[in-house]
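S.K.: Pasting in a structure now, in structure tokens, and then I'll have a few things to ask.
The values are calculated or read from the model by the stated rules, or taken from the named source; none is laboratory data. Here the structure is a predicted model, which means the values were calculated and not measured. Here the Cβ positions follow ideal geometry from the backbone for every residue, glycine too, while neighbour counts run over all protein chains shown.
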Amino acid sequence: MKERAILKNKLYLYLTEFFSGMSVMAVELGASRLLAPYFSSSQIVWTIIIGTIMIAMALGNVYGGRSADKDPDPDRLYGRIIIAAVWIALIPVVGKYIIIGIAGALIFTVSSNFLVIAAFASCMVVFVFPLFLLGTVTPSLVKYCLLVSQKDSAEEGRTVGNLNAFNTVGSIIGTFVPTFISIPAVGTAITFLIFAGILLLLALLYFISSKVFVKKMPAAGILFLLACIFGHDGSFAFWLNDLTYEGESVYNYLQVYENENQVVLSTNVLFGVQSVYRKEKELTGMYYDYAMAAAYMAGVKEKDGLDVLILGMGTGTYATQCRRYFDNMRIEGVEIDDRITALAREYFELPPEVPVSTYDGRAYLNAVNGKYDLIMVDAYQDITIPFQMSSVEFFTMVRDHLKEDGVMVVNMNMRSNEAGNITEYLSDTISSVFPAVYTADVQGSTNRELFASMRMDIPARMEENLSGETARDLAWMMGNVRDRLVAYQGGGHIMTDDRAPVELLGMRVIDGLIAEEMGYYKEIYRERGLEGLLEYL
């Protein structure tokens, strides 16, 4: 091993291990945020990220150990750290373009499991190489530490234990800092740059203290500087320049855009719609309007007041709609992301008198004893369906928080005609808890509204409460819902806390939706190739 004065201080080697472990975890969490706007933040995507990173680290461990045994030259290790740092710094600059390019290429060529394949390919291209390089750190440092110890066998166990401890502590800090501090405060892009900068400084300190000039040092400095200049922009929707708001919270990527008619919130998936506010204060034409039928089923016109709970408040579209048409509702909401609630107050005119608790929906039901006339469950977004809010146990809790004649309405956003789909599983599960279940498909979308109650005559009650409705637009919309109401007969697809495969079920529907939406373009691609497709676009 080359004689380097800095390596005689084991603390520096331990710090190398510490910052390496910290950076690996920071990159892993950054990877989830970088992929979420394009592929969602579901457990499937997390599984792909973790699996890919473990592959990279394992290969790095093997290579690092063999390399250290063959040639225990620390210059090579710190040279690899420089390369890893520069690569990580460039991820905010080019990563999103690579992901979009991979997804765009695969969407025309992959007929099933698009989400898995596209996310895996993106991880392999963007993240494997730098984490492979960081995976070489531990076995190399073990070799260097033992050499520094003059191969004192009495210290071998202690040395390896110390290295592992520093790596573990670094990983812990690298887990908490991005999640709770850097990503919410400065965003994913700058988080990548921060940890890349730490690695780069660590390696440069080694070479400067050793009075060794490495040819890659000037290039690394220039590339890092360019990454800081061009990579600090945290915009995921890089093809848009008129967003009202774009940012990140502890839980979500958030995007608000508006036009002369409406304000829209998207979370995690760039092309989806999570909440809508109509500036002309009219019906949205979306599932929020259909869900208002639950108010009539719960007797909104025959009661002095209706107690309403919304699980998955979002920006409060449903609450705003209900308050606009009904003056006897006492509404409270639950939203796990307090940043969304802040956006609701700022851009979506959610009234301050509507209380919103920052809580998980199921945990909130566990914590309160109140009974409600109407509970709206609106916590499902594309493939990101919380399993704990899709089981028999959850819907039993909802039932127990309803009054005797109360109604639950659930927005299911991925209906499909395929047997054994996610909406069928949800509907069967709910039917095992509630004797009366009705569904209504939302025109022009993949949403389906499900209404459930212990009271068997909710369609008739809806008719009775509608008879005196004076708001013509709402009366017309409720007539549309009434015409689409279908009594649901439950089956055997029941989800429990122990078994609720919501991600896999959702992925099947996503594959079907992609095939349906992209069928025409795929046909052009098959007949005329990429050139013909580009000409058409």
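S.K.: Condition check: surrounded by fewer than 24 Cβ atoms within 10 Å (Cβ to Cβ), touching a residue at least 60 places away in the same chain (Cβ under 8 Å) and of a type outside the set (Gly, Ala, Ser). Does Asp338 satisfy that? If you could, list the steps in order and put the result at the bottom.
M.R.: Working: surrounded by fewer than 24 Cβ atoms within 10 Å (Cβ to Cβ): yes; touching a residue at least 60 places away in the same chain (Cβ under 8 Å): yes; of a type outside the set (Gly, Ala, Ser): yes.
Here the answer is yes, as Asp338 does meet what is asked.
S.K.: I'd like the residue in the stretch 30-85 that is within 26 Å of the chain's Cα centre (by Cα), among the polar types (S, T, N, Q) and in a helix (DSSP H, G or I) and, out of all such residues, is farthest from Thr384 (Cα to Cα).
M.R.: Per the stated criteria, the residue is Thr52.
S.K.: Another one. Pick from Val128, Val177, Val142: which is in the same structural domain as Ser20 (by TED's automatic domain parsing) and over 36 Å from the mean Cα position of the chain (by Cα)? It would help to see each step written out before you state the result.
M.R.: Details: Val128 fails: over 36 Å from the mean Cα position of the chain (by Cα); Val177 fails: over 36 Å from the mean Cα position of the chain (by Cα).
Step by step, each of Val128, Val177, Val142 is checked, and only Val142 is in the same structural domain as Ser20 (by TED's automatic domain parsing) and over 36 Å from the mean Cα position of the chain (by Cα).
S.K.: While we're here: Does the stretch 163-181 contain any residue that is exposed (fewer than 15 other Cβ atoms within 10 Å of the Cβ), within 23 Å of Leu133 (Cα to Cα) and at pLDDT below 90?
M.R.: no
S.K.: Considering each residue of the stretch 363-385, count those that are at pLDDT below 95 and either acidic (Asp, Glu) or crowded, with 16+ Cβ neighbours inside 10 Å (or both), and give that number.
M.R.: The number of residues fulfilling the criteria is 8.
S.K.: OK, next. Identify, please: which residue in the stretch 218-235 is assigned to a helix (DSSP H, G or I) and touching a Gly at 6+ places or on another chain (Cβ under 9 Å) and is, among those, nearest to Phe19 (Cα to Cα)? Break it down into steps so the answer makes sense when it comes.
M.R.: Step one: list which residues in the stretch 218-235 are assigned to a helix (DSSP H, G or I), which gives 218-230.
Then drop every residue that is not touching a Gly at 6+ places or on another chain (Cβ under 9 Å), which leaves 224, 228.
Details: Phe224: 18, Cys228: 20 Å.
For the stretch 218-235, the residue satisfying everything is Phe224.
S.K.: Related question: Count, please, the residues in the stretch 386-410 that happen to be buried (at least 23 other Cβ atoms within 10 Å of the Cβ), part of a helix (DSSP H, G or I) and β-branched (Val, Ile, Thr).
M.R.: Selection size over the stretch 386-410: 1.
S.K.: Can you work out which of the residues in the stretch 312-329 that are surrounded by 24 or more Cβ atoms within 10 Å (Cβ to Cβ) and of a type in the set (A, V, I, L, M, F, W, C) is farthest from Val264 (Cα to Cα)?
M.R.: Top of the filtered list is Cys322.
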